[in-house]
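The values are calculated or read from the model by the stated rules, or taken from the named source; none is laboratory data. Only a predicted model underlies this, so the values are computations on that prediction, with no experimental measurement involved. Neighbour counts run over all protein chains shown; Cβ positions are idealised from the backbone, glycine included. With ligands, DNA and RNA removed, areas are computed over all heavy atoms of the protein, side chains included. Shrake-Rupley method; radii C 1.70, N 1.55, O 1.52, S 1.80 Å.
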Amino acid sequence: MRSVVVRVVRSAYRIGRKDCSFKGFVRGKEWNLVGIWGYREMGVEGCERSSYYLIMSRALFAPAANDSSGGMVGSTIDEAGGGPFVEYERRIAAGELMDGDSCQVGTLKELQRLYDELVESAEACKLDRYSSSDKAGRSRWFWSRLIPQSSYSPVKGLYLYGGVGTGKTMLMDLFYDQLPSNWRKRRIHFHDFMLNVHSRLQKHKGVTDPLEVVAGEISDEAILLCLDEFMVTDVADALILNRLFGHLFSNRVILVATSNRAPDHLYEGGLQRDLFLPFIATLKERCVTHEIGSSVDYRKMTSAEEGFYFVGENLSVFLKQKFEHLIGEHTAGPQEVEVVMGRKLQVPLGANGCAYFPFEDLCDKPLGAADYFGLFKKFHTLALEGVPRFGLHNRTAAYRFVTLVDVWVMYENKARLLCTAAGTPMELFERIVTIADAQNIAPRTSSRSRRNDDLDLCVDNELGFAKDRTISRLTEMNSKEYLEQHATMLRENQFSQNDTKVDALQA
């Protein structure tokens, strides 16, 4: 018989004897739990605590029929971890992670603090999906018209920001993976989240306030919302964020986000930024802001690997040979990928999970994050021919390439990039600078001629900031460790597909 550790939250109470009665909540039902086994050995006798761990038999919570009140009696209780800091130390001890710097440790303490607050306030925050309202978004919107229900969560969220490669995504995932599986939670890339929002808005066209309906749907699905890579570059996103998150926070949503930018620098220099500023104030009010001040880029500490990023000109034939080697016995041909809202993307060559594109077809055409997400759903490897050096003349293409690397290439899903380029990742972006960088460039005197490089210098704060992240990711994606993770992913997917085919044949 398996045993599980059940965390029972209660008011501070001094344990004075071996057999004590406790009241706890399992999926919204109150239970009287009697007895603590082994508590003397665990060292909690005579201690004042606000919570205790009881060793209980899983059989107590075996699936059973509904009780007369409509609740599930004896539902399986979900196990929670000890928190991100505990898991971090375990992974370091096991050799799965290298020792982080003091900045990472400080961030982990913030995440552990939030984790503890959420566990203590899980009921007040309505995190348990089994004891939450089943109203759909439209129903929530309808009832909110009759009975005002606005109220913030008792727990504030957390906004983590810092330089590239400092481990923000890893730390947030560490936090997220330790949360109980029965909580209403979601972890998603910011680009993907906003695409989902726009898709929902299209669905609710004609409603008086579609943003409120969309916020109701999102908060019904997830009270704890973890957004990775919070970066606002699109004016359409910027103009709706304040109202969207105003509704979400009023619906008790708790935000945990990672970003390369401090809240005050989000959407810096963007169109109609004055309309975006109220969102920054709302974000700072509802989230604790914490900077990861590390200067270490852990992505660049991976082992270098040659063979997937080729620098030079006239390499088209060579790249196609590499592509044909990857697809094996399959025959490549034109394919079509469905993206969002019925739009389709033409793939020049595709086979065996690999797609081949000239750079111009992906980054010189009016494509965006939705198209790149759609592409990834069908392909795990992208062969991209002819990535140029970026400057003022192709600034828009540079933005699209950054987006491609951010949301499709493959980063979070360990997909693979095979490309030919006019220079190393650093050289591709050397003519993209921030305003501060431009001011530090020594001005030309009348006796010094202006070079073509100077004329093509692109001064763009957002792009100049984003390039460091892209350079870092391109470097990591070409590392031995990353490519091994990609190979593992392919094997696991193949096993999963084989199991599905066997199940289908047996059925």
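Here residue 142 clears all of (1) out of contact with any Phe, Trp or Tyr (no Cβ under 9 Å at 6 or more places or on another chain); (2) modelled with pLDDT of 80 or more except the condition numbered (2).
Scanning the range 382-401 for residues that are of a type in the set (A, V, I, L, M, F, W, C) and in contact with a Phe, Trp or Tyr (Cβ under 9 Å, 6 or more places away or on another chain) yields 382, 383, 384, 387, 390, 397, 398, 401. Only one of the listed residues (289, 233) is open to solvent by 10 Å² or more (accessible area, probe 1.4 Å) and at pLDDT below 95. That residue is 233.
Scan the range 269-290 and report the pairs whose first residue is at positive phi and whose second residue is at pLDDT 90 or above, with Cβ atoms within less than 7 Å and a gap of 6+ or a chain change. From the range 269-290, the pairs are 272/239.
Of 258, 233, all but one fail to be polar (S, T, N, Q), in contact (Cβ under 8 Å) with a residue 24 or more places away in the chain and closer than 19 Å to residue 110 by Cα; the exception is 258. Among the residues of the range 121-138, count how many are at negative phi and modelled with pLDDT of 55 or more. Residues that pass the stated criteria total 10. Residue 208 satisfies every condition listed in (1) part of a loop (DSSP other than H, G, I, E, B); (2) in contact (Cβ under 8 Å) with a residue 24 or more places away in the chain except (2). Residues that are under 14 Å from residue 323 (Cβ atoms) and touching a strand residue (DSSP E or B) at 6+ places or on another chain (Cβ under 6 Å) were ranked within the range 366-385; the one that is most open to solvent (accessible area, probe 1.4 Å) is 385. Each residue in the range 174-200 was checked for being of a type outside the set (Ser, Thr, Tyr), over 22 Å from residue 403 (Cβ atoms) and assigned to a helix (DSSP H, G or I), and 3 of them qualify. Restricting to the range 377-405, name every residue that is aliphatic (A, V, I, L, M) and either within 20 Å of residue 191 (Cα to Cα) or at pLDDT below 90 (or both). Of everything in the range 377-405, those that are aliphatic (A, V, I, L, M) and either within 20 Å of residue 191 (Cα to Cα) or at pLDDT below 90 (or both) turn out to be 382, 397, 398, 402, 404, 405.
Each row is one residue, and each column tells you yes or no for (1) closer than 29 Å to residue 377 by Cα; (2) open to solvent by 20 Å² or more (accessible area, probe 1.4 Å); (3) at pLDDT 85 or above.
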{"residue": "407", "(1), (2), (3)": "yes, no, no"}
{"residue": "414", "(1), (2), (3)": "yes, yes, no"}
{"residue": "421", "(1), (2), (3)": "yes, no, yes"}
{"residue": "431", "(1), (2), (3)": "no, yes, yes"}
